[in-house]
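Working notes, structure below.
Rule-based calculations on the coordinates, nothing more; no lab input. Keep in mind that what you see is a predicted model, and the values were worked out from it rather than measured.
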Amino acid sequence: MYKHLAIAIDGSRTSQNALAHACGLAKMNQAAITLVHVSNPAEYMATMAPEFLQYGGYEEVATTQGNKILDAAAEQ
């Protein structure tokens, strides 16, 4: 039935539950999984503005955090 699943991951419990469900579906159907993480600039600017100056700006902070989330999800 499924050949390829795209799963949005943001590190939340809801996205972790979705990933667990998708892993089960992928295994049953021998389907591939693509993980996607999208960052919201407004969220980062509201909560992490001081870190931007220390770590080189929004893109670097968002990429670093996004990669951590994706790496953890890929292990699952």
In order through the range 64-76: 3J(HN,Hα) via Karplus (6.51 cos²θ - 1.76 cosθ + 1.60), integer Hz, x for Gly, Pro:
4, 5, x, 5, 4, 5, 5, 4, 5, 5, 5, 5, 5
Grab the Cα-Cα distance for Glu75 and Thr14, subtract it from 0.36 nm times how many residues apart they are, and report the gain in nm with one decimal.
20.3 nm
If amide H atoms are modeled at 1.01 Å from N in the peptide plane, then the residues at a separation of 5 or more from Ile33, or on another chain, having amide H under 5 Å from its own are Leu5
